[in-house]
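Only one structure is covered here, and it is reproduced in the block below.
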Amino acid sequence: MSQRRRPKRRKKGTKNKKILIMAIKPLADRVLIEPAAAEEKTIGGIIIPDTAKEKPLQGKVVATGNGTKDEEIVVKEGDTVLYGKYAGTELEYDGKKYLVMRQSDILAILG
């Protein structure tokens, strides 16, 4: 009589979790934001060409600085925020576009 082997069971909560480690760490009261994708179509279904697309005005906070002695950081990593049209400095890292801006340039946190 041959014995059947039981498959090994995983402990609960030990699934592979993806951990994002950013190589960019903003200083002081600056925040690193990944802008949301620009709209491809209008509500009526018209496709917008690349030259006519507007810059997105919202994005996701990827990393934050430690703040200053006068101003503590209010936003957290993972928050979706609204910012001004010309706020921040654009940069590209590993093929992704990011914005670095001061916390004071953020207009609102979307909940």
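Determine the alpha carbon to alpha carbon distance for each of LYS60/LYS97; LYS25/LYS55; LYS60/LYS85; LYS55/LYS76 and list only those over 20 Å.
Values: LYS60/LYS97 12 Å; LYS25/LYS55 24 Å; LYS60/LYS85 15 Å; LYS55/LYS76 23 Å.
The answer is LYS25/LYS55; LYS55/LYS76.
If you take all other residues with their beta carbon under 11 Å from the beta carbon of LYS97, and give Lys and Arg +1 and Asp and Glu -1, the sum is -2.
Model label sites at THR68 and ALA36, defined 7 Å from Cα along the beta-carbon direction, differ in position by 3.0 nm.
Since every read-out is calculated from the coordinates, none of them should be taken as a lab result. Just so we're clear, the structure is a prediction, and the values are computed from it rather than from any experiment. Cβ: placed from backbone, ideal geometry, glycine included. Neighbour counts: every protein chain shown.
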